[in-house]
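Novice: Okay, handing you the structure first.
Each reported figure results from applying straightforward, stated rules to the coordinates on display, with no laboratory input. Model, not experiment: these values are computed from the prediction. Cβ placement follows ideal geometry from the backbone for every residue including glycine, while neighbour counts extend to all protein chains displayed.
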Amino acid sequence: MCLSEPQAGSSLADITTRAVADAEDELGRRYRIYGAKMWISAGDHDVTDNIVHLVLAKAAGSDGVVAQGTRGISLFIVPKRLPSGDLNDVAVAGLNHKMGYRGLPNCALNFGEGRALPDGRAGAVGWLVGEVGQGLPQMFQMMNEARVSVGLGAAMLASRGHLLSLAYAHTRAQGRPLGSRSGAPVPIAQHADVQRMLLAQKSYAEGALALVLYTARLLDLVHSGSDDEQADADALLAVLTPIAKTWPSEWAQRALDHAIQIHGGAGYTRDFDVELLYRDNRLNTIHEGTTGIQAIDLVGRKLRRDKGLGFDILQRRVTATLERARVHPAFANEALALSSALAALAGAAEMLMTEFEEAEAIAAATPFLLAAGHVVVGWLWLDQALCCEAFGQNSDAERTFCASKIAACRYFSVFELPKVSAWLSPILGANALGKILPTDVFAEP
Ligand SMILES: Cc1cc2nc3c(=O)[nH]c(=O)nc-3n(C[C@H](O)[C@H](O)[C@H](O)COP(=O)(O)OP(=O)(O)OC[C@H]3O[C@@H](n4cnc5c(N)ncnc54)[C@H](O)[C@@H]3O)c2cc1C
């Protein structure tokens with residue numbers, strides 16, 4: 001996908017790549033593309049014979065000039081090799097040397113600078129997908145699912161870090177139980193602080209997986225559910241997509257930080273995989289829309305523009321799980337923690353929709369996104385614990401599996417859900433960031 005440009009990442013309205021109408025042929029409306037793209041994953045390689053780029057560019061008018069803003073942004077199929085077998089005018093301008101994901105080359109690509117001359121002249125040949133001006137909606141069709149996939153990738157990295165940590169914590173002997181001065185060192189898995197980190201990792205990794213699977217199910221229901229199911233899934237998906245992209249990405253990083261910590265000095269070396277996982281995951285809060293951009297989407301569009309439609313459905317679903325928890329006194333504390341976090345989130349959502357100016361609401365968007373993510377994952381943890389209580393006690397393996405799920409649910413409720421009120425307190429107190437900042441605080445160094 002060739003969307004980003006050196007000067008246009010989060011703001012794709014500012015792309016300057018131009019598409020100039022060329023001719024019509026058996027593949028459709030043909031254009032010549034001119035411009036520079038940046039950060040293109042697998043933008044060039046020799047794994048396949050050909051590479052087919054999907055390029056976002058602005059279609060020029062008959063005077064050759066492109067419009068400002070999003071008008072005219074369109075999608076083009078631009079192959080590295082043309083159907084004739086000749087090279088297209090697409091050149092690798094350079095490789096980006098990344099912190100992680102090093103198995104995948106990342107390139108700056110130049111289109112139409114004359115490195116190859118299709119039909120004797122400069123200009124990368126591309127064919128229009130659909131209609132002129134539809135490029136952004138077309139890209140977003142792919143991007144919404146891509147965002148959930150980013151969340152899944154993050155959940156996977158967190159999960160692998162957790163499993164590596166568990167294995168290491170059982171084999172690494174160090175220190176003795178509290179109060180004991182002699183005897184052999186014990187595995188670090190027996191120390192309370194290591195157990196705290198292991199449980200945190202589990203709650204982030206499996207909480208992220210639950211969130212992504214729930215969202216993936218909604219993606220299916222949008223296509224295959226009854227009319228009512230489709231409408232609800234669509235509205236809920238709108239709210240959950242930025243959360244499913246961001247929460248796993250942000251909290252996998254914490255989980256992998258714990259993974260390095262559990263490995264001690266070994267975690268800081270390349271001899272163990274956890275530093276690689278940490279570097280790989282760091283990308284996930286950046287690509288497919290940064291955390292800040294997801295937060296603006298959640299608060300600006302999904303909350304304020306849609307008047308809380310999907311958020312109301314989310315609240316009803318969390319409340320239904322809280323109702324189920326009522327008949328399980330064993331989970332009374334977890335239910336209480338979740339219901340007060342939900343109440344705080346609902347109060348903050350109302351404030352953002354009705355009491356805040358747009359700029360104030362946007363300034364508070366990331367803390368709101370973090371809080372919403374914790375409430376949603378707290379809800380899914382309670383749901384998993386209730387399922388374990390109801391169904392999972394038929395064998396030793398099931399009992400162990402369920403005991404660890406319930407422990408993670410309790411951990412999340414006691415140690416994580418209280419963070420929600422801290423994130424939301426500025427919003428609930430009607431304190432926009434702008435109110436505490438003098439204007440010249442960010443003077444250039
Ligand atoms: C390894 C890697 C692979 C990638 N693969 C691809 C690919 O295959 N194809 C592709 O097209 N792109 C790809 N990208 C690009 C990626 O999508 C962009 O890096 C991302 O969208 C952010 O754009 P940027 O880097 O220009 O940062 P910027 O947009 O400059 O953002 C910098 C910071 O400012 C914040 N910010 C920006 N605008 C606002 C705003 N309006 N309000 C509040 N905060 C704001 C951001 O949240 C961020 O924290 C890749 C990037 C990387 C690093």
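Novice: Summing Lys, Arg as +1 and Asp, Glu as -1, what charge do residues with Cβ under 10 Å from the Cβ of Ala233 carry, Ala233 excluded?
Specialist: -4
Novice: Now for a separate question. If we count other beta carbons within 10 Å of each Cβ, what is the order of Asp232, Asp312, Asp25, fewest first? Walk me through the numbers on the way to the answer.
Specialist: Working: Asp232 20, Asp312 16, Asp25 11.
Ascending Cβ contact count within 10 Å gives the list Asp25, Asp312, Asp232.
Novice: Something else: Given a Förster distance of 60 angstrom, what is the FRET efficiency for Arg81 paired with Ala184, based on the Cβ-Cβ distance and rounded to 0.05? Write down the numbers at each step before the final one.
Specialist: Details: r = 64 Å, r/R0 = 1.07.
For Arg81 and Ala184, the calculated efficiency is 0.40.
Novice: When all C-alpha to C-alpha distances in segment 242-383 are sorted into bins of 5 Å, what percent of pairs does each bin hold, rounded to whole numbers?
Specialist: Bin by bin from 0 Å, the calculated values are 2, 10, 16, 16, 15, 14, 12, 8, 5, 2, 0.
Novice: Another question, if that's okay. Would you mind checking the pairs Lys307/Lys435; Lys98/Lys202; Lys202/Lys302; Lys202/Lys245; Lys202/Lys419 and listing those with alpha carbons more than 21 angstrom apart?
Specialist: Result: Lys307/Lys435; Lys98/Lys202; Lys202/Lys302 exceed 21 Å.
Novice: Quick one: Debye curve from the alpha-carbon atoms of segment 185-310 only, equal weights, vacuum; give me log10 I(q)/I(0) at q = 0.13 Å⁻¹ to two decimals.
Specialist: For the requested q values the scattering log ratios are -0.66.
Novice: Would you mind checking the tilt of helix 365-391 against the longest principal axis of the Cα atoms of the chain, expressed as 0 to 90 degrees and rounded to 10?
Specialist: That helix lies at roughly 50 degrees to the long axis.
Novice: Go through Val299, Leu276, Gly264 and say which Cα lies farthest out towards the positive end of the charge dipole of segment 217-346; charges sit on Cβ, +1 for Lys and Arg, -1 for Asp and Glu.
Specialist: Checked the options; the winner is Val299.
Novice: Decide, for segment 312-392, between rounded, prolate and oblate: order the square roots of the alpha carbon gyration tensor eigenvalues as a ≥ b ≥ c, take rounded if a/c falls under 1.5, and otherwise choose prolate if a/b is larger than b/c, else oblate.
Specialist: Since a/c reaches 1.5 and a/b is larger than b/c, the shape of segment 312-392 is classed as prolate.
Novice: Could you work out how far apart the two model spin labels at Asp228 and Asp273 are, taking each label as a point 7 Å from the Cα in the direction of the beta carbon, and quote it in nm?
Specialist: 4.5
Novice: Let me ask something else about it. Using the Cα atoms of segment 78-149 to build a convex hull, what is its mean projected area in square nanometres?
Specialist: Taking a quarter of the hull surface, the average projection is 6.9 nm².
Novice: Highest mean first, what order results for 161-170, 369-378 on Cβ atoms within 10 Å?
Specialist: Values: 161-170: 19.6, 369-378: 24.8.
Descending packing order for the listed peptides: 369-378, 161-170.
Novice: If you take the beta carbon distance between Thr70 and Thr319 as r and set R0 to 22 Å, what does 1/(1 + (r/R0)^6) give as a FRET efficiency, to the nearest 0.05?
Specialist: Values: r = 39 Å, r/R0 = 1.75.
For R0 = 22 Å, the calculated efficiency reads 0.05.
Novice: Among 218-231, 332-345, how do they line up from the highest to the lowest mean number of other beta-carbon atoms within 10 Å? Intermediate results must be reported in sequence, preceding the final value.
Specialist: Values: 218-231: 13.3, 332-345: 18.9.
Sorting 218-231, 332-345 by mean packing, highest first, produces 332-345, 218-231.
Novice: Do any trypsin sites (Lys or Arg not before Pro) in segment 226-318 lie in a loop, going by DSSP, with at most 15 other beta-carbon atoms within 10 Å of their beta carbon, and if so which? Walk me through the numbers on the way to the answer.
Specialist: Details: sites: Lys245, Arg254, Arg270, Arg279, Arg282, Arg301, Lys302, Arg304, Arg305, Lys307, Arg316, Arg317; in loops: Arg270, Lys307.
Those satisfying the criteria are Arg270, Lys307.
Novice: Counting Lys and Arg as +1 and Asp and Glu as -1, what is the net charge of the other residues whose Cβ lies under 12 Å from the Cβ of Leu428? Provide the component values of the computation, followed by the final result.
Specialist: On the way: positive: none; negative: Glu350, Glu355.
It works out to a net charge of -2.
Novice: May I pose another question? Can you tell me the orientation of helix 192-224 relative to the chain, as the angle in degrees between its alpha-carbon axis and the longest Cα principal axis, to the nearest 10?
Specialist: Taking the Cα atoms of the chain, the angle to 192-224 is about 50 degrees.
Novice: Where a ≥ b ≥ c are the square roots of the eigenvalues of the C-alpha gyration tensor, would you call segment 1-155 rounded, which needs a/c under 1.5, or, failing that, prolate if a/b is larger than b/c, or oblate?
Specialist: Details: a/c = 1.66, a/b = 1.23, b/c = 1.35.
Judged from the Cα gyration tensor, segment 1-155 comes out oblate (a/c at least 1.5, b/c at or above a/b).
Novice: Please work out how much length the chain gains when fully extended from Arg176 to Glu145, using 0.36 nm per residue of separation minus the C-alpha to C-alpha distance, in nm with one decimal. Write down the numbers at each step before the final one.
Specialist: Numbers: separation 31, 0.36 × 31 = 11.16 nm, distance 4.84 nm.
Gain on extension, Arg176 to Glu145, equals 6.3 nm.
Novice: Stretched out fully, how many nm does the piece from Gln261 to Leu213 gain, at 0.36 nm a residue minus the Cα gap? Spell out each step's value before the answer.
Specialist: On the way: separation 48, 0.36 × 48 = 17.28 nm, distance 2.84 nm.
Additional length available on full extension: 14.4 nm.
Novice: Over the Cα atoms, compute the radius of gyration (one decimal) and Dmax (the largest Cα-Cα distance, rounded to a whole number) for the chain, in Å.
Specialist: Gyration radius and largest Cα-Cα distance of the chain: 25.3, 86 Å.
Novice: Identify unpaired cysteines across the chain, taking unpaired to mean no other cysteine Cβ lies under 4.7 Å from the residue's Cβ.
Specialist: Singleton cysteines: Cys2, Cys107, Cys387, Cys409.
Novice: Could you pull out the trypsin sites (Lys or Arg not before Pro) across segment 29-73 that fall in loop regions by DSSP (anything but H, G, I, E, B) with no more than 15 other Cβ atoms inside 10 Å? Please list the in-between numbers first.
Specialist: Values: sites: Arg29, Arg30, Arg32, Lys37, Lys58, Arg71; in loops: Arg71.
Sites meeting the loop and neighbour criteria: Arg71.
Novice: Can I ask one more? In degrees, nearest 10, range 0 to 90: what is the angle between the Cα axis of helix 227-262 and the longest Cα principal axis of the chain?
Specialist: Computed tilt is about 70 degrees.
Novice: Give the separation of the Cα centroids, segment 66-120 to segment 346-410, in Å.
Specialist: 42
Novice: Can you compute the radius of gyration and Dmax for segment 115-154, using only the Cα atoms, both in Å?
Specialist: Taking only Cα atoms of segment 115-154, I get Rg and Dmax of 16.2, 46 Å.
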